[in-house]
Amino acid sequence: MPSYKLAKSQRTVGLGLTLCAFHTVYPQAMASLLSQPYGHLSALLLLLCVAPIFYLTGLAVYRIFFHPLAKHPGPLVAKVTDLYSTYHAWKGDRHIDFWRCHEQYGPIVRFGPSSLSFNSATALKEIYGFKANVRKGDFYLAFPATKDSFSTHSAVDKATHARKRRVLSHAFSDSAIKSMEKYILSHVRQLCTNLGEKGAGSRNNLFAPEKSGRVWSEAKNMSLQADYTTFDIMGDLCFGKAFGMLERPDNRFAIDLISNAAHRHLMCGTYLPLHEYHIDKLLFRKIAGMRERYMQFSKGQAAERMQMGEDVNRKDFFYHLLKAKDPETGKGFSTPELWGESNLLIIAGSDTTSTALAASIFYLVHNSRVLAKLAAEVRAAFSDVEEICGGATLSKLQYLRACLDEAMRMSPSVGGLLPRQVLHGGMEVEGHKLPEGTVVGVPHYGIQHNPAYHPEPFEYKPERWIPGSEPDITSESVNVAQSAFCPFSIGPRGCIGKCKHTSSPQACLRQRH
Ligand code: HEM
């Protein structure tokens with residue numbers, strides 16, 4: 001039963017309990033009211049005032065004590081309403097709340113009336129693996145701007161998703177990615193130029209001039225520089241033109257639009273009536289307004305690129321999307337679908353990669369030992385910065401890979417829980433039989449900070465990914481860590497850009513060394 005049906009049955013039970021309570025508690029009061037002049041009107045008014053209170057109380061009582069998930073622990077408010085999740089989505093601390101709840105309540109937490117969070121590697125495979133009897137949760141219904149613009153990411157139906165993913169996968173083939181590498185590298189060069197700039201700020205720098213006479217460059221907000229870089233890269237890869245954010249401020253407004261659009265999706269996804277009845281536009285006017293502007297922005301980018309058609313000298317994602325046909329159905333993407341995909345790719349590719357890059361830089365500059373070891377590895381492998389590009393030498397840089405993985409473990413770009421909904425027939429997770437419609441998931445930040453898999457979880461320790469790098473790091477311990485590492489999610493809905501992401505942060509980091 002889909003979760004909305006589960007919710008409907010819960011409401012019916014709530015209503016039943018309300019009527020029983022009303023009938024039991026108030027028969028005399030009603031009888032005396034009805035005997036008064038205008039008694040029927042007063043009785044109706046009383047009913048209208050009191051019934052919602054009884055109804056909501058009945059529903060809460062049912063959800064706390066009689067619901068099929070009632071035995072699982074969790075915050076009391078979360079057992080009663082999904083607004084608990086919406087509050088944390090609004091506040092921006094949902095990932096930390098999942099971690100805190102698992103610390104407090106144990107490996108299984110009820111984080112919504114029909115929702116369970118699991119903090120184990122077994123559950124990760126059972127829920128997100130290829131054999132899982134789940135689909136993406138109703139949460140994703142809040143993402144598309146129109147019903148025709150579902151993307152590969154937001155498609156809930158399994159067959160629809162499979163078709164879209166087959167078409168999109170053409171754009172992510174090894175040769176397609178390789179042919180775009182030169183564009184990635186040109187933005188990395190620009191980033192390095194920006195970092196070396198000796199602007200007005202450099203004169204005020206506490207450390208300038210150094211004893212050697214060298215002047216420090218101007219201090220930069222690296223999180224913004226990471227944003228500009230990844231957005232420029234995605235512009236080139238998706239639409240065949242960079243947004244020019246590294247060089248000029250004109251298009252930088254789009255970053256704010258995207259983070260607001262993502263914030264709005266998260267809040268509305270956790271409580272769908274906000275999306276369905278457009279309540280977000282009333283309650284979160286600024287955020288909803290920014291999301292609207294983002295939709296226009298992405299539509300504009302897609303329209304501009306579509307006008308260029310397939311007759312372009314570079315094979316960006318759009319080239320493949322316009323051309324590709326599903327080998328099974330022979331169908332390509334319609335115009336609204338193309339818009340949906342471009343809308344998705346800008347968010348999915350830039351914001352996530354930017355977070356991974358910013359996190360890596362943050363941990364490296366706060367861990368001088370690790371930074372020195374990484375610099376030594378990169379310098380030993382390449383004698384000139386221009387030698388650095390994708391290929392065998394780069395793939396051999398074990399410590400670079402470990403530094404990135406460790407940053408994504410500690411600060412995953414997608415930190416919360418990706419909800420999956422149990423399909424007809426139910427399923428078992430960690431030995432618990434779950435009915436159809438139950439929402440299940442594993443929170444990324446939570447499991448990646450679970451000491452059972454990642455000892456000293458708040459320590460930035462790239463060595464944990466390399467067997468033999470320390471006496472207690474063995475192949476087994478690395479396997480255990482890997483089993484609970486999911487920054488890209490896993491299974492049929494795992495990240496399609498996983499191979500590509502390694503090119504951008506890796507390219508940026510290695511060139512800075
Ligand atoms: C460090 C970088 C990245 C991280 C951490 C990341 C993470 C993720 C995660 C966790 C998902 C699953 C989302 C869900 O189930 O709702 C996902 C899906 C996806 N990602 Fe990424 N991603 C990254 C980079 C990229 C890039 C560069 C692209 C494209 C250029 C991309 C495109 C996609 C797409 C299309 C999906 C949907 C796949 C599907 O549902 O079949 N991602 N990503």
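No lab work stands behind these numbers, since they all come straight from the coordinates. As the structure is a prediction and not an experimental result, all values here were calculated from the model. Backbone-built Cβ (ideal geometry, glycine too); neighbour counts: all protein chains shown.
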Item to check | the chain - mean residue ellipticity at 222 nm from DSSP helices (-39,500 (n - 2.57) per run, n ≥ 4, rounded to 500) | outcome: -17000 deg cm²/dmol
Checklist entry - How do E337, E103, E430 line up, fewest other C-beta atoms within 10 Å first? => result E103, E430, E337
Checklist outcome for this item: Rounded to the nearest 5, the percent of DSSP beta bridges in the chain running antiparallel is 80 percent
Item to check | Helix axis angle, 253-270 relative to the chain longest principal axis, alpha carbon, degrees | outcome: 30 degrees
Item to check | Low-density loop cleavage sites - chymotrypsin sites (Phe, Trp or Tyr not before Pro) in the stretch 229-317, where at most 13 other Cβ are within 10 Å (DSSP) | outcome: Y277
Checklist entry - Once fully extended, how much extra length lies between T57 and K158, figured as 0.36 nm per residue of separation less the alpha-carbon to alpha-carbon distance? => result 32.7 nm
Checklist entry - If each residue's Cβ is checked for other Cβ atoms within 10 Å, how do S413, S175, S117 rank with the fewest at the top? => result S175, S413, S117
Item to check | Built amide H within the under 5 Å cut-off of V429, gap 5+ | outcome: L434
Next on the checklist: For a 26 Å ceiling on Cα separation, which of these pairs sit above it: K125/K373; K131/K396; K131/K461; K220/K373; K299/K323?
Outcome noted: K125/K373; K131/K396; K131/K461
Item to check | W216/R314 FRET efficiency (R0 51 Å; Cβ-Cβ; nearest 0.05) | outcome: 0.85
Item to check | Simple Cβ-charge dipole of the chain, Lys/Arg +1 and Asp/Glu -1, about Cα centre, in debye nearest 20 | outcome: 560 debye
Checklist outcome for this item: Residue-ordered couplings for the stretch 290-306, obtained by feeding phi - 60° into the Karplus form 6.51 cos²θ - 1.76 cosθ + 1.60 and rounding to whole Hz (Gly and Pro as x), are 5, 4, 4, 5, 5, 4, 5, 4, 5, 4, x, 4, 5, 4, 4, 5, 5
Checklist entry - Regarding the chain, what are the three Cα extents along the principal axes, ordered largest first, in Å? => result 97, 59, 55
Next on the checklist: List the aspartates and glutamates whose Cα sits under 18 Å from the Cα of K331, skipping any in the same chain fewer than 8 residues away.
Outcome noted: D148, D157, E310, E341
Checklist entry - To the nearest 0.05, what FRET efficiency results for T329 and K241 with a Förster distance of 41 Å applied to their C-beta separation? => result 0.85
Checklist outcome for this item: Expressed in nanometres to one decimal, the distance between label points 7 Å along Cα→Cβ at I490 and K71 is 2.6 nm
Next on the checklist: At 7 Å along Cα-to-Cβ for each site, give me the label-to-label distance between T393 and A376 in nm.
Outcome noted: 2.0 nm
Item to check | At R0 = 60 Å, FRET efficiency that the Cβ-Cβ distance of R252 and S35 yields, to 0.05 | outcome: 0.25
Checklist entry - Could you name the aspartates and glutamates in cross-link range of K71, using Cα to Cα under 19 Å and dropping any fewer than eight places away on the same chain? => result D82, E103, E428, E430, E436
Item to check | Net length gained if the chain between S368 and L282 were fully extended (0.36 nm per residue, minus Cα distance) | outcome: 26.1 nm
Checklist outcome for this item: Most exposed to least, judged by fewest other Cβ atoms within 10 Å, T352, T57 sort to T57, T352
Checklist entry - Label points 7 Å out from Cα along the Cβ direction at Q307 and S169: separation in nm? => result 3.5 nm
Checklist entry - In whole Hz, what ³J(HN,Hα) sequence does the stretch 473-478 give by Karplus (6.51, -1.76, 1.60; θ = phi - 60°), x for Gly and Pro? => result 9, 10, 4, 5, 5, 5
